[in-house]
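Nothing in this text is a laboratory measurement; each read-out follows from the coordinates by a stated rule. This structure is a prediction, so every number in the text was calculated from the model and none was measured. Glycine also receives a Cβ, built like all others from the backbone with ideal geometry; neighbour counts cover every protein chain displayed.
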């Protein structure tokens, strides 16, 4: 029987390395930046004021986008990410999504909570939505994506304030 025995010194060194690795993993999990995200869609009509007259936009060629100067319909796609502070969802994402959807529903929201999409760019819509979110959930980072028909849009990261 040729068993190899680990010396006490080697054993203690190995155990210390194992514990250090375990502690590093736990610290990584503890220090991780946590967030939840939700998506929803909202029909809206908007326009790009002046696009029908600006020579840089109303070119008459392949890159003509003068039609943006006329009110047109989109399905705006939203993806909203917000910081949470622990794993037990201090913000429940179903409730968060329902609250966001109510902001855009005239029949269920208070008049001062309705965010109007008309005549606003995706970036403007994002900024207005951030104002509402940060008032209700202060001191958290927020990231908002707003896209026209899920095709073209913006992504804005608002750091913790």
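Give me the compactness ratio for the stretch 40-161, meaning the Cα radius of gyration over 2.2 N^0.38 Å.
Numbers: Rg = 16.5 Å, N = 122, 2.2 N^0.38 = 13.7 Å.
Computed over Cα atoms of the stretch 40-161, the ratio equals 1.21.
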Based on other C-beta atoms within 10 Å, arrange 53, 97 from fewest to most. 53, 97
Mind checking the angle between helix 93-103 and the chain's longest principal axis? C-alpha axes, 0 to 90 degrees, to the nearest 10. 20 degrees
For the stretch 126-161 and the stretch 33-91, what is the separation of their Cα centres, given in Å? 11 Å
Provide, for q = 0.22, 0.24 Å⁻¹, the log10 of I(q)/I(0) from a solvent-free Debye sum over equal Cα point scatterers in the stretch 1-92. -1.07, -1.12
With labels modelled as points extended 7 Å from the Cα through the Cβ direction, what inter-label distance (nm, one decimal) is found for residue 67 paired with residue 37? 3.0 nm
In degrees rounded to 10, the 0-90 angle between helix 122-136 Cα long axis and the longest Cα principal axis of the chain is 60 degrees
Taking R0 as 22 Å and r as the Cβ-Cβ distance between residue 24 and residue 94, the FRET efficiency 1/(1 + (r/R0)^6), rounded to the nearest 0.05, comes to 0.05
Full-extension gain in nm, residue 128 to residue 86, via 0.36 nm per residue minus C-alpha separation: 12.4 nm
On a 0 to 90 degree scale, rounded to 10, what angle separates helix 8-31 from the longest Cα axis of the chain? 20 degrees
Within the set 12, 23, 124, GNM on the chain using Cα springs under 10 Å gives the largest fluctuation to 12
Gaussian network model of the chain, springs between alpha carbon atoms under 10 Å - residue of 104, 130, 11 with greatest fluctuation: 11
